[in-house]
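Just below is one structure, and these are the notes that go with it.
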Amino acid sequence: MKKILAIVVLVTSFSAMADSSTGCGLGSLIWKENTIISALFRSTTNHSFSSQLFGITSGTSGCSQHSLVKRDMAPVYYAEANKEELKIDMARGEGEYLTTFAEALGCPSNLKKQFSNETQKNFSKIFPTSNTTPLEMLNSVKAVIKENSSLQGQCTYASI
Amino acid sequence: MALFLFSCPLFANSSLDPYWKKILWYEGDKGLVSEKSFYLSPSGNIDPKKELDESLRRFKTNEKFGSLKLPANCAYPLRWKYLNKIEPLPKNDSECEEFYAWKNQLAVKKVSIVFAGYYSNNPASIFGHTFLKLHGPQDERLLDYGVNFAAITEKETGLFFGLKGLFGYYKGFFNIAPYFLKVNEYSNGEGRDLFEYELNLTPDEIDRLLDAIWEIGNNGSFDYYFLGKNCSYYLLRLLDLARIDSHLADDYHYITIPSETMKTIEESKMIALVKSRASLDREINETNKKLGPDNNWTKVKVAQFKKQTLKNWNEEEKEELHHLLIEQSKMKVTEVIVPQLKHHPAQTHGPMRLELGAGEINKKFGTQFKFKPASHDLIDPPQGHLPYSKMELLSVTLRSTKSNELNLQNFTLIDTSSFTPWKYWSRRLSWRGELSHQQNEISVNGRRLDKILSGAGISFELSEGLVTSFLLTGHFDFSNHFAQGYAFNLDPEWIILGTYEKFSFLQKFRFAQRWEKTKDQQFFESTEEFRYSLGDNDWIRAELLFYHQWDNKKFDQAQWNVGWVRAF
């Protein structure tokens, strides 16, 4: 019993360490199944890692409340969920995921183009390797914002 | 007129009021919620009057309700507001912060229905999936929230998953999640187009909708039946709660097909198509066409696709994508590719078919009547459907000739095909499957034949709408024509299929090799099928089959049928 408890504590503490200081993260993966039979039902049953029950605040208590993302945690949550899409939009210098990221960071809409241009310019700083984590990426983006004269101080949720 | 005015107040705000029964999630005389605690009276799920009385009684106390232990006005906001009109009830707002915070954060301005279309190579998904999207005040739509009704299943697969889903063994819950998670899942992960339709709900209706979502989301679950009481059914029920005199769900008792519910909503004029999001699949197709396979951006998209769909995304591919993106970051975009979706799900033809036809089988002339409750055939109008696919369930063909009265000619449990064209980046195989019972079957001298078939192969798109496929099918045939009662077949098939809005044609060559215990049989079939549309839901269908046995000409035969088809 003690062993199990120890393992549980270890596992949960690891996941807490992997996230931001308030223990926010997504954790689970999309369950993918595409056999003929399962697909017959899958189209309507829809398993997803978004299936949090309603009023139940999940273990990610710093991150969401009643399944809604807390505003100040939105950049973290968004970065974690959309890292790949963001990477692609950033390389391109445009895209919906990128402009949405700008909004999640609290940047005003008239600075979205600037944000897209700056992040593309600094792409290799933001994604230095293929293993860059969402959190590292987020911190680099915040640094880019801080260093840019038009963007600095304009994005409410981008303070480092 | 005066009588009508008198009788209305009698109904409104009483247990006989249809709206009260909607609040209790009744269908007919029974409440659908499987959580017993949702109903406050022990017989609340079969007695709306008792439930009304008991709710009134308990809402007057200080009792806390539901999983969150909240006062009545925020545990059951919809129910409370309704009952408060009958008798004034105490309102406890001090402990309702959670509910108000939730509503205020959502700050819903508009509500949309999102339809997720079919996914590639999967004809079973043609009926789609629907969920709600709540628009917040922010600019970007990805930050909206999606409200979804889904079954909680363990990681079950295959047959058990199918049976459990069919017979209601899974529990369905409402859940809410950021819309970008849904777009990632459907559009990128599953290659499905998304169609967003805005609803014309008033602010009051939106408020009632949110109350309903909170109330049922926190307190209830339902048995999930994939065919009937599914995502789309419960979505209609939510809309019926938002708009008091709406009864969209009334037409759906046994079978609820998501694409059909879209038409119901469209007919009620609640809705307008606002935005479509093409799947990653479609995006790559467009990108490849416009920029070519060697363009850096095309390579990026293909790599993205591989990552989403392949089970083993290795380090090498990861590095490759990273380098492609570094390259891309040094380029300025010259062309933004946005695939246009020409058709949306409300435009698909109805899934039911009635066909009246006549023709010759076994050299006898007869008339045929076909009923197909859920069908999309290869030669049916393709608009809005998964291209080059077939999905047919439970179809029945009756035949009448001069000598015989109406007899069962064919019963097909399932007949499905998918001839997805081979693309260098997706490399999907084509396949087909069939479980059927046939009378007067030509290759067994007019006796009955039961078939269990599966086949796989490859298809190539020759031009838009035109595909050619090469398949190898293996099947067991059961018939008393065979000495042992069954035979095994291995048939190469070559198909040419052209599907267009106004008409379609199919040409199939089948080279059959059949083995029984003591002998084998080889025969050849050439099938032609043709469809010509008279209107959106009416068409003419013609079929011709030539049968030739290699070793014995005396069995050579031609069969044909011409019919008029109505789609519902």
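The values are calculated or read from the model by the stated rules, or taken from the named source; none is laboratory data. Bear in mind that the values here come from a model prediction, so they are computed numbers and not experimental data. Positions of Cβ are generated from backbone atoms using ideal geometry, with glycine treated the same way; all protein chains shown enter the neighbour counts.
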- For segment B:236-279, how many residues meet the condition of being free of Cβ contacts under 8 Å to residues at least 60 places away in the same chain, assigned to a helix (DSSP H, G or I) and of a type in the set (Asp, Glu)? 3
- Could you give every pair whose Cβ atoms fall below 8 Å, whose first residue belongs to segment B:393-414 and is surrounded by 13 or more Cβ atoms within 10 Å (Cβ to Cβ), and whose second residue is part of a loop (DSSP other than H, G, I, E, B), counting only separations of at least 6 or pairs across chains? B:393/B:373; B:394/B:373; B:395/B:373; B:398/B:406; B:399/B:406; B:400/B:406
- Considering only segment B:518-548, state which residues are touching a residue at least 60 places away in the same chain (Cβ under 8 Å) and more than 39 Å from the chain's Cα centre (by Cα). B:521
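Which residue out of B:321, B:273 is modelled with pLDDT of 85 or more, out of contact with any Cys (no Cβ under 9 Å at 6 or more places or on another chain) and among the aliphatic types (A, V, I, L, M)?
Numbers: B:273 fails: modelled with pLDDT of 85 or more.
Checking each option against the conditions leaves just B:321.
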- Item | Looking only at segment A:70-88, and only at residues there that are acidic (Asp, Glu) and more than 10 Å from chain B (Cβ to nearest Cβ), the one that is surrounded by the most Cβ atoms within 10 Å (Cβ to Cβ) | A:80
- Looking at this structure, is residue B:232 modelled with pLDDT under 90 and either among the basic types (Lys, Arg) or touching a Phe, Trp or Tyr at 6+ places or on another chain (Cβ under 6 Å) (or both)? no
- Query: In this structure, does residue B:285 turn out to be at pLDDT 80 or above, surrounded by fewer than 18 Cβ atoms within 10 Å (Cβ to Cβ) and either within 13 Å of another protein chain (Cβ to nearest Cβ) or within 25 Å of residue B:184 (Cα to Cα) (or both)?
  - Reply: no
- Query: Which of the residues belonging to segment A:105-153 are in contact with a Cys (Cβ under 6 Å, 6 or more places away or on another chain) and either surrounded by fewer than 17 Cβ atoms within 10 Å (Cβ to Cβ) or outside any helix (DSSP H, G or I) (or both)?
  - Reply: A:105, A:106, A:107
- Query: Out of the residues in segment B:16-74 that are over 23 Å from residue B:168 (Cα atoms) and among the polar types (S, T, N, Q), which is modelled with the lowest pLDDT?
  - Reply: B:67
- Task: Within segment A:117-138, count every residue that is within 11 Å of chain B (Cβ to nearest Cβ) and more than 16 Å from residue A:79 (Cβ to Cβ).
- Result: 6
- Query: What number goes with the only condition from (1) surrounded by fewer than 19 Cβ atoms within 10 Å (Cβ to Cβ); (2) part of a strand (DSSP E or B) that residue B:473 does not pass?
  - Reply: (1)
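Filter the helices (runs of 4 or more DSSP H) completely within segment B:157-235 down to those with at least 1 residues that are under 18 Å from the mean Cα position of the chain (by Cα) and small (Gly, Ala, Ser).
On the way: elements: B:158-166, B:179-183, B:203-219.
Fully inside segment B:157-235 and qualifying: B:158-166.
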- Note on the structure: The condition from (1) within 14 Å of another protein chain (Cβ to nearest Cβ); (2) farther than 30 Å from residue B:449 by Cβ; (3) under 33 Å from the mean Cα position of the chain (by Cα) that residue B:341 misses is numbered (1)
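Determine which member of the set B:316, B:392 is over 23 Å from residue B:422 (Cα atoms), touching a strand residue (DSSP E or B) at 6+ places or on another chain (Cβ under 7 Å) and of a type in the set (D, E, K, R).
The conditions single out B:392.
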- Item | Any chance residue B:190 is of a type in the set (D, E, K, R), in contact (Cβ under 8 Å) with a residue 24 or more places away in the chain and surrounded by fewer than 21 Cβ atoms within 10 Å (Cβ to Cβ) | no
- Task: Go through the residues of segment B:317-337 one by one and say whether even a single one is among the hydrophobic types (A, V, I, L, M, F, W, C), touching a residue at least 40 places away in the same chain (Cβ under 8 Å) and loosely packed, with under 14 Cβ neighbours inside 10 Å.
- Result: no
- Task: Residue by residue through segment B:200-212, note down the ones that are closer than 14 Å to residue B:112 by Cβ and crowded, with 22+ Cβ neighbours inside 10 Å.
- Result: B:209
- Message: Quick check on segment B:346-361. Is at least one of its residues hydrophobic (A, V, I, L, M, F, W, C), assigned to a helix (DSSP H, G or I) and under 22 Å from residue B:191 (Cα atoms)?
- Response: yes
- Message: So residue B:80 ticks every box in (1) in a loop (DSSP other than H, G, I, E, B); (2) free of Cβ contacts under 8 Å to residues at least 60 places away in the same chain; (3) not basic (Lys, Arg) but one. Which box is left unticked?
- Response: (1)
- When segment B:345-363 is checked residue by residue, the ones that are surrounded by 19 or more Cβ atoms within 10 Å (Cβ to Cβ) and touching a Gly at 6+ places or on another chain (Cβ under 6 Å) are B:345, B:348, B:355, B:357
- Message: Return the residues of segment B:136-145 that are farther than 19 Å from residue A:85 by Cα and more than 7 Å from chain A (Cβ to nearest Cβ); say none if nothing qualifies.
- Response: B:136, B:137
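Quick grid of which residues meet (1) touching a residue at least 12 places away in the same chain (Cβ under 8 Å); (2) under 17 Å from residue B:143 (Cα atoms):
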| site | (1), (2) |
| --- | --- |
| A:68 | no, yes |
| A:75 | yes, yes |
| A:82 | yes, yes |
| A:87 | yes, no |
| A:97 | yes, yes |
| A:100 | yes, yes |
| A:119 | yes, no |
- Across segment A:99-137, what is the total count of residues that are of a type in the set (A, V, I, L, M, F, W, C) and either under 14 Å from residue A:157 (Cβ atoms) or over 17 Å from the mean Cα position of the chain (by Cα) (or both)? 8
- Item | Which numbered condition residue B:379 fails, given (1) in the same structural domain as residue B:556 (by TED's automatic domain parsing); (2) at pLDDT below 95 | (2)
- Task: Scan segment B:45-72 for residues that are in a loop (DSSP other than H, G, I, E, B) and either within 14 Å of another protein chain (Cβ to nearest Cβ) or among the acidic types (Asp, Glu) (or both) and report the count.
- Result: 6
